[in-house]
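Only one structure is covered here, and it is reproduced in the block below.
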Amino acid sequence: MRERDNVLLVYRDVQAAIGATEATPIKLDPAKTAGFPKGFVISDRAALDWSDDAARVFFGIKEQVAAPDTANRRRGPDEVADVDIWNTNDERIQSVQMTRADADRNFTYREAFDVAGAKWVKLADSTMREVDVSQNGHWAVGRDIRGYISDYKRPAADIYRVNTSTGERTLIAKGQLTGPTCSASRPAATTSSIGKTTSSSVQLRGRHDQDARCGNDGQLHRRRVRPSGPQALVWRQRLHDRRKGCDRDASV
C-alpha cells in the first residue's frame with residue numbers, strides 16, 4: 001500500500017514524560033476508533049498542530065491506495081499506449097488535472113483529536129474538503145466548493161463555521177465569492193469571534209479599497225475604506241490629481 005498505517009501518540013506534558021520511568025501516551029488508533037472513516041489512515045503528509053490550550057491536536061487523514069507499480073517491465077509492441085483520458089463530465093479540464101495531479105495525490109483532510117476525551121473529531125470530509133483552523137484552535141472556517149467548480153466562472157463556495165470541539169458546522173455564507181479578488185480568511189487577531197452570533201463571521205478583502213464583511217444574515221455588506229501603506233501614497237496622489245483636474249475644469 002502507498003500510505004503508512006500510523007497511530008497518533010499524544011504526550012501532554014513532555015518534560016514529565018521524559019523524567020518518568022514509564023509514561024503512558026494518549027493514543028488514537030484508527031482501527032479501534034468508532035466512526036473513523038474506513039480505508040483511511042492518519043497521514044504523515046500533513047503537519048501536526050496543537051491548539052493554544054493544548055486541548056486538541058490537529059492532524060490529517062488520507063485514503064489508503066495501492067502502491068504504484070514501479071517495476072521496470074519491457075513493453076511489448078502490442079501493449080496499450082499510455083494516455084491521459086479526459087471526460088467532458090470531469091469538474092476540471094485535463095490541463096488543470098495534470099497540473100494539480102501531485103497536489104491531489106497528496107491531499108489530506110484536516111481533523112482534530114480531543115486529548116482529554118481521547119476522541120476523534122471530524123472537521124473535513126468529501127463534502128467540505130477545505131478547512132482553516134483558527135490561531136487558537138477553538139474554531140475553524142470551512143469551504144464547500146461543490147457545485148461551484150468552473151473553468152470560466154469566478155470561484156465561490158459555501159462558507160461554514162466549524163466547532164473544533166464537536167465538529168458542528170454552521171452555514172454563515174452561501175455562494176460566497178472566493179479567490180484573489182474576494183477570499184474568505186481569518187480575522188487579524190484571533191478567530192474566537194467566529195463563535196459570536198452578534199459579530200461578523202468572515203472577513204473579506206477586495207482587490208482595491210473595498211472592504212466586504214459577511215454578517216450572520218448571510219448577506220455581503222460593503223463599505224469604502226482608505227488604503228494604508230504604500231498604496232495610500234498612490235491613492236492620495238490620484239485623489240490630488242483628480243481634484244486639480246476639477247479645479248481646472250471649473251476655471252475654464
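The values are calculated or read from the model by the stated rules, or taken from the named source; none is laboratory data. This is a predicted model, so every value here is computed, not measured. As a convention, Cβ positions derive from the backbone with ideal geometry for all residues, glycine included, and neighbour counts pool all protein chains shown.
So how many residues does the range 102-141 have that are basic (K, R) and more than 30 Å from A66 (Cβ to Cβ)?
1
Residues in the range 138-156: is at least one closer than 30 Å to I26 by Cα, outside the structural domain of E3 (by TED's automatic domain parsing) and either modelled with pLDDT under 90 or not in a strand (DSSP E or B) (or both)?
yes
Among the residues of the range 131-143, is there at least one that is without any contact (Cβ under 8 Å) to a residue 40 or more places away in the chain, out of contact with any helix residue (DSSP H, G or I) (no Cβ under 6 Å at 6 or more places or on another chain) and among the charged types (D, E, K, R)?
no
Can you name every residue in the range 87-114 that is among the hydrophobic types (A, V, I, L, M, F, W, C) and touching a Ser or Thr at 6+ places or on another chain (Cβ under 9 Å)?
Hit for the range 87-114 is A112, nothing else.
Within the range 35-45, can you find the residues that are over 17 Å from L123 (Cβ atoms) and among the small types (G, A, S)?
G39
Please verify whether the range 26-48 includes one or more residues that are on the phi > 0 side of the Ramachandran plot and hydrophobic (A, V, I, L, M, F, W, C).
no
Taking D69 as meeting all but one of (1) acidic (D, E); (2) in contact with a strand residue (DSSP E or B) (Cβ under 6 Å, 6 or more places away or on another chain); (3) not assigned by TED's automatic domain parsing to the domain that holds I149, write down the number of the exception.
(2) is the only condition that D69 fails.
Identify, by number, the condition in (1) outside any helix (DSSP H, G or I); (2) modelled with pLDDT under 95 that S95 doesn't meet.
(1)
Looking at R110, is it outside any loop (DSSP other than H, G, I, E, B), touching a residue at least 40 places away in the same chain (Cβ under 8 Å), among the basic types (K, R) and under 18 Å from S43 (Cβ atoms)?
yes
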